[in-house]
Each structure stands twice: as C-alpha cells, then as structure tokens.
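Asks: The structure is given below, and queries will be raised subsequently.
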Amino acid sequence: MSDDHTHVQEFFTPRAADWDSRFPDDGPAYAAAVAELGLREGDRVLDAGCGTGRALPPLRGAVGASGVVVGADLTPAMLEAAVRAGRDRDGWLLLADVSALPLRSGALDAVFAAGLVAHLPDPARNLRELARVVRPGGVLALFHPIGRAALAARQGRKITPDDLRAEPNLRALLTGSGWRMTSYVDEDARFLALAVRES
C-alpha cells in the first residue's frame, strides 16, 4: 500500500464509527447534489470515495431498481459503517482505490464524489481514471456539503489561491483530465462542480 493510501486510511479509520453522527444534517445537501446529476431510471453510477455511503440512498432513488449503484472506498472501516447503516441495500460496496478502479472503460453514466478531491494523491491522474470508467457525455459531480470558506474555517485554515477547488484551478484540472466543467457553485451551504465526460 502506498504512503498516500496509508495516510487516507489512518485519517478515516478512527473517524468511521461516528462519522454520520458528526454530520447529522448533511442528508438534504446530498440529495440535492444527486438530483443535479440528472440521473435517469436504469443509469449506472459510482459513488467514488463513498465513505459511510450517505449518497447511496438518493443515488438508488434516482436510478431506480433497474439502475446500478456502486460505492467504492479505500477504507474498510468506512464501508463497515455503511453496512451497519444499512446502505449496502442501496448499492454494491467495493473496497477499491479510485485511482485504479476494477471497472471496464465506459461502464458508467455518472460519478458522484463527495469530499474526494482533497484526498486524491494525484488529482489529474485520478480524475482521468474516473473519466475512463464513464461513457462520453456522462457526468461527474464533485461535491461537499459545505463551501470552501466554511470548510476552511472549520479546519482553522485560510483559503489560498492555489486551492485545488478554486474555480480556475479546478476547471483547468478537469479539462486536462478528460472533463468539461459545466457548472460551479461555492456557497457556505455547499460546494458543487459538475462536469461532462468529453468524447
């Protein structure tokens, strides 16, 4: 396992058991972000870095019984918390690294990624991998239930111009990774960037 993987697991493993109780009011924000993906009945969607699976119920609701929902995460403790919460009923849970997904190219219609970008060891390469598994014209949602400024304040830091999620930085990153940004919202109550997979 790489040092990056170890760092991610060391961060999330001790937080997994009480993750949902630490952020009990995020459900509506997740549901609203999923709605903006524009998923249809029968679509195939990945929750990349799914954590405790909070997006899985609205994703399942969006694609219906005929759709496919997969939640992938690198930290076993997070997937175990998702199972305890019963979210494995809404999608397949997969212990996997989003930088090397065991999925065929073009297999998905969409990817939902909550809080993922900041934890990617090589964002350009990792976003290219997400592009690989999505069909041309498919959609990516990079989401966080609070905006950049609110998150920085919570973490006791200031936003700097080199912040990966600043609009110009993220737009360039996505463009270089096979995506075209179609919308960008950074408010206190949420962060949501949508992108379309280029052909």
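Asks: Starting from region 1-30, keep only residues that are at pLDDT below 85, then list their pairs with residues that are assigned to a helix (DSSP H, G or I) and open to solvent by 50 Å² or more (accessible area, probe 1.4 Å) whose Cβ atoms are within a distance under 6 Å, requiring at least 6 positions of separation or different chains.
Replies: Sorted first by the residue in region 1-30, then by its partner, the pairs are VAL8/HIS119.
Asks: Counting just the residues of region 131-164 that are part of a helix (DSSP H, G or I) and touching a Ser or Thr at 6+ places or on another chain (Cβ under 8 Å), which one comes out most open to solvent (accessible area, probe 1.4 Å)?
Replies: If we take residues in region 131-164 being part of a helix (DSSP H, G or I) and touching a Ser or Thr at 6+ places or on another chain (Cβ under 8 Å), then ARG132 is most open to solvent (accessible area, probe 1.4 Å).
Asks: To continue, here is another question. Inspect region 5-12 for any residue being in a loop (DSSP other than H, G, I, E, B) and open to solvent by less than 30 Å² (accessible area, probe 1.4 Å) and give the result as yes or no.
Replies: Checking region 5-12: not a single residue is in a loop (DSSP other than H, G, I, E, B) and open to solvent by less than 30 Å² (accessible area, probe 1.4 Å).
Asks: A further question follows. Out of curiosity, is ALA110 crowded, with 16+ Cβ neighbours inside 10 Å and in contact (Cβ under 8 Å) with a residue 60 or more places away in the chain?
Replies: Against the criterion (crowded, with 16+ Cβ neighbours inside 10 Å and in contact (Cβ under 8 Å) with a residue 60 or more places away in the chain), ALA110 qualifies.
Asks: In region 39-64, which residues are in contact with a helix residue (DSSP H, G or I) (Cβ under 8 Å, 6 or more places away or on another chain) and assigned to a loop (DSSP other than H, G, I, E, B)?
Replies: LEU39, ARG40, GLU41, GLY42, ASP43, GLY49, CYS50, GLY51, THR52, GLY53, ARG54, ALA55
Asks: Now a separate question. For region 171-183, indicate whether the set of residues that are open to solvent by 40 Å² or more (accessible area, probe 1.4 Å) and charged (D, E, K, R) is non-empty.
Replies: Yes, there is a match, as at least one residue in region 171-183 is open to solvent by 40 Å² or more (accessible area, probe 1.4 Å) and charged (D, E, K, R).
Asks: Next question. Give me a count of the residues in region 13-46 that are out of contact with any Gly (no Cβ under 7 Å at 6 or more places or on another chain), open to solvent by less than 30 Å² (accessible area, probe 1.4 Å) and not aliphatic (A, V, I, L, M).
Replies: 2
Asks: Sort out which residues of region 80-95 are surrounded by fewer than 19 Cβ atoms within 10 Å (Cβ to Cβ) and either among the aliphatic types (A, V, I, L, M) or under 14 Å from the mean Cα position of the chain (by Cα) (or both), and write them in order of number.
Replies: The answer is VAL83, ALA85, LEU94, LEU95.
Asks: Checking the structure you have, find out if any residue of region 65-79 is in a helix (DSSP H, G or I), open to solvent by 30 Å² or more (accessible area, probe 1.4 Å) and free of Cβ contacts under 8 Å to residues at least 12 places away in the same chain.
Replies: Within region 65-79, not a single residue is in a helix (DSSP H, G or I), open to solvent by 30 Å² or more (accessible area, probe 1.4 Å) and free of Cβ contacts under 8 Å to residues at least 12 places away in the same chain.
Asks: Still on this model: Which pairs have Cβ atoms under 9 Å, sit 6 or more apart or on different chains, and link a residue in region 180-199 that is under 14 Å from ALA113 (Cβ atoms) to one that is open to solvent by less than 30 Å² (accessible area, probe 1.4 Å) and basic (Lys, Arg)?
Replies: PHE191/ARG165; ALA193/ARG165
The values are calculated or read from the model by the stated rules, or taken from the named source; none is laboratory data. The structure presented is a predicted model; accordingly, all values stated were derived computationally and were not measured. Reconstructed Cβ throughout: ideal geometry from the backbone, glycine too, with neighbour counts over all protein chains shown. Surface areas here come from the heavy atoms of the whole protein model, side chains and all, with no ligands, DNA or RNA. Shrake-Rupley method; radii C 1.70, N 1.55, O 1.52, S 1.80 Å.
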